[in-house]
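Shown next, in structure tokens, is the structure this report addresses.
The values are calculated or read from the model by the stated rules, or taken from the named source; none is laboratory data. Nothing here was measured: the structure is a model prediction, and the numbers come from that model. All Cβ positions, even for glycine, are placed from backbone atoms using ideal geometry, and neighbour counts span all protein chains on display. Accessible surface is based on the protein model in full, side chains and every heavy atom, while ligands, DNA and RNA are left aside. Shrake-Rupley method; radii C 1.70, N 1.55, O 1.52, S 1.80 Å.
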Amino acid sequence: MSSVDTRFGRFGVVAMLVAAVALTGISAVRADDDDDDGTDVKVAKLANGRCGKLADSLPVLVSRTGVRPGEVVGDVTVCVANSGEEAGLLSLRALELVDVDRSCTGAESTRDTTCGGSRRGELSPTLLQQVGLGACPSVPSATNPTLDRRLPGLQGSSLVLIDRLARKQVACIRLRLKYEPPDEGAGVVSQSDRATWRYAFSLSERP
């Protein structure tokens with residue numbers, strides 16, 4: 001878990017705001033485990049210019065403190081390989097997304113009358129997922145704005161990354177996460193909140 005300390009100086013909020021972000025892991029999943037369509041996907045972390053050992057999942061990758069609005073919470077690159085026999089469409093989704101409002105701090109209670117008590121929180125809508133695509137083993141130099149998604153949106157539907165990932169092809173997917181409340185109110189109500197989720201890549205035959 002990573003604690004995110006945020007100051008909304010540009011919004012005129014002077015209290016220290018605290019949020020928590022926990023990325024529980026990254027998985028490679030089949031679009032339909034009951035359909036043996038010849039597609040399979042594996043993942044590994046890119047480190048020191050090399051892909052690690054490909055596997056079905058990765059451990060927690062993000063740990064960051066002292067992040068302010070507009071700053072990056074985490075920036076990791078994952079190697080995603082088509083280890084099956086057929087080319088497939090590569091997608092990304094956020095699974096098991098949970099928002100918890102742990103307490104009321106600062107001005108939070110003035111805008112969020114239900115804050116605290118481990119009720120549902122509002123942090124995930126302030127987290128902007130940015131994605132960059134490239135050929136391994138290089139880190140994509142930039143993210144693609146057309147792929148930007150708020151976490152709830154990434155949970156609601158899969159994001160198509162590559163229309164055709166060929167057999168044995170390995171793509172490098174950059175996952176850059178920003179703490180970016182869309183307005184002052186969103187920042188205030190999300191303080192002291194906690195969000196957890198899991199990224200999942202899937203590879204499926206094109207319809």
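Observations on the model:
- Test: residue in segment 87-99 that is open to solvent by 70 Å² or more (accessible area, probe 1.4 Å), at pLDDT 75 or above, closer than 15 Å to residue 172 by Cα and not hydroxyl-bearing (Ser, Thr, Tyr): no
- Within this structure, residue 133 passes the test of being of a type in the set (A, V, I, L, M), open to solvent by 60 Å² or more (accessible area, probe 1.4 Å), under 18 Å from the mean Cα position of the chain (by Cα) and modelled with pLDDT of 90 or more.
- Residue within segment 51-73 that is part of a strand (DSSP E or B) and modelled with pLDDT of 90 or more present: yes
- Any pair with Cβ under 9 angstrom, 6 or more apart, that starts in segment 154-181 at a residue that is on the phi < 0 side of the Ramachandran plot and surrounded by 19 or more Cβ atoms within 10 Å (Cβ to Cβ) and ends at one that is part of a strand (DSSP E or B) and of a type in the set (Asp, Glu): 174/75; 175/75; 176/75; 177/75
- Segment 136-152 - residue that is assigned to a helix (DSSP H, G or I) and open to solvent by 60 Å² or more (accessible area, probe 1.4 Å) and, of those, farthest from residue 69 (Cα to Cα): 146
- When residues of segment 93-130 are limited to those that are β-branched (Val, Ile, Thr) and closer than 23 Å to residue 71 by Cα, the one farthest from the chain's Cα centre (by Cα): 105
- Within segment 112-126, the set of residues being over 13 Å from residue 98 (Cβ atoms), out of contact with any Ser or Thr (no Cβ under 7 Å at 6 or more places or on another chain) and surrounded by 15 or more Cβ atoms within 10 Å (Cβ to Cβ) comprises 112, 125.
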